[in-house]
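Novice: My structure is below; once you've seen it, I'll send some questions.
The values are calculated or read from the model by the stated rules, or taken from the named source; none is laboratory data. Fair warning: this is a prediction, and the values are worked out from it, not measured in the lab. With ideal geometry, Cβ positions are generated from the backbone for all residues, glycine too; neighbour counts draw on all protein chains shown. The protein model used for the area step is the full one, side chains on, heavy atoms only, and it has no ligands, DNA or RNA in it. Shrake-Rupley method; radii C 1.70, N 1.55, O 1.52, S 1.80 Å.
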Amino acid sequence: LEGGGPMLDMGPYYITALVNMLGPVKQVCGFTSKAFDERICTCEARAGEVLPVEVPTHYTASLQFQSGAIISVLMSFDTRAANLTPFQIWGTKGSMTVTDPNQFKGNPKVFTTSDREWREIPVQFSENSRMYGVVDMVEAIRNNRPHRVSGDLALHVLEVMLACRAASESNSYITIKNQCEKPQPLTYGMAPWDID
């Protein structure tokens with residue numbers, strides 16, 4: 001149904017993580033498709049019901065960031081099985097496998113041109129860190145400072161996700177109008193209740 005699909009389902013996690021790492025997106029291009037016109041509902045309340053597929057179920061997009069970084073994004077409901085690393089960043093001095101921002105567990109791994117091997121980087125926060133944004137917002141309000149999970153960030157990410165489909169439908173590049181500041185990273189050594 002409209003308002004669904006893989007980009008609006010998974011995109012908030014991945015695109016938000018990318019903006020946190022690389023800053024805001026400048027423009028988007030991409031392609032979308034759908035493999036099936038109907039799907040069988042698998043949720044318990046409506047199991048077996050035939051549903052029309054009204055939105056793209058496969059997205060391939062390129063995001064150009066204000067920083068100059070270019071990221072390829074692939075989100076799909078049309079795969080039967082996949083064995084890909086869900087989130088990897090390639091740079092001039094190495095590569096980084098980032099933990100899946102939709103799972104909140106695991107440690108990132110880094111490969112540098114100097115070390116020539118993958119190293120696991122321990123993380124400070126617990127595996128289920130979904131509430132840290134809320135904790136940060138509470139502390140920001142208490143201390144009269146901007147919080148990291150802002151409305152500007154949410155609007156920017158939403159525009160980027162919608163632009164992926166619009167770029168496919170218009171066969172064009174889409175410039176992102178609503179920009180945001182890159183959120184400040186949490187300070188290493190900071191407990192979640194000490195966010196300031």
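Novice: With respect to Val110, determine if the residue is open to solvent by less than 60 Å² (accessible area, probe 1.4 Å) and either over 21 Å from Leu18 (Cβ atoms) or at pLDDT 90 or above (or both). Write out each step before concluding.
Specialist: Values: open to solvent by less than 60 Å² (accessible area, probe 1.4 Å): yes; either over 21 Å from Leu18 (Cβ atoms) or at pLDDT 90 or above (or both): yes.
Answer is yes for this residue.
Novice: Show the residue pairs that are 6+ apart or on different chains and have beta-carbon atoms under 7 Å apart, the first residue being within the range 58-71 and without any contact (Cβ under 8 Å) to a residue 40 or more places away in the chain, the second being of a type in the set (Ser, Thr, Tyr) and open to solvent by 50 Å² or more (accessible area, probe 1.4 Å).
Specialist: Pairs found: Ser62/Ser72.
Novice: Here's a follow-up. Just the residues that are in a loop (DSSP other than H, G, I, E, B) and open to solvent by 70 Å² or more (accessible area, probe 1.4 Å), please, taken from the range 73-89. Working first, answer last.
Specialist: Looking only at the range 73-89, we keep the residues that are in a loop (DSSP other than H, G, I, E, B), and these are 77-87.
The answer is Phe77, Thr79, Arg80, Ala81, Ala82, Asn83, Leu84, Thr85, Pro86.
Novice: May I pose another question? Being without any contact (Cβ under 8 Å) to a residue 12 or more places away in the chain and either assigned to a loop (DSSP other than H, G, I, E, B) or more than 15 Å from the chain's Cα centre (by Cα) (or both), is that true of even one residue in the range 174-185?
Specialist: Going through the range 174-185, the residues without any contact (Cβ under 8 Å) to a residue 12 or more places away in the chain turn out to be none.
For the range 174-185, residues without any contact (Cβ under 8 Å) to a residue 12 or more places away in the chain and either assigned to a loop (DSSP other than H, G, I, E, B) or more than 15 Å from the chain's Cα centre (by Cα) (or both): absent.
Novice: Can you name the condition, by its number, that Arg39 falls short on among (1) open to solvent by 50 Å² or more (accessible area, probe 1.4 Å); (2) over 27 Å from Ser170 (Cβ atoms); (3) touching a strand residue (DSSP E or B) at 6+ places or on another chain (Cβ under 6 Å)?
Specialist: (2)
Novice: Tell me whether the range 144-166 contains one or more residues that are more than 23 Å from Val25 (Cα to Cα), loosely packed, with under 14 Cβ neighbours inside 10 Å and out of contact with any strand residue (DSSP E or B) (no Cβ under 6 Å at 6 or more places or on another chain).
Specialist: So in the range 144-166, the residues more than 23 Å from Val25 (Cα to Cα) come out as 144-145.
Adding the requirement that they be loosely packed, with under 14 Cβ neighbours inside 10 Å leaves 144-145.
Add one more test, that the residue is out of contact with any strand residue (DSSP E or B) (no Cβ under 6 Å at 6 or more places or on another chain), and what stays is 144-145.
Yes, some residue in the range 144-166 is more than 23 Å from Val25 (Cα to Cα), loosely packed, with under 14 Cβ neighbours inside 10 Å and out of contact with any strand residue (DSSP E or B) (no Cβ under 6 Å at 6 or more places or on another chain).
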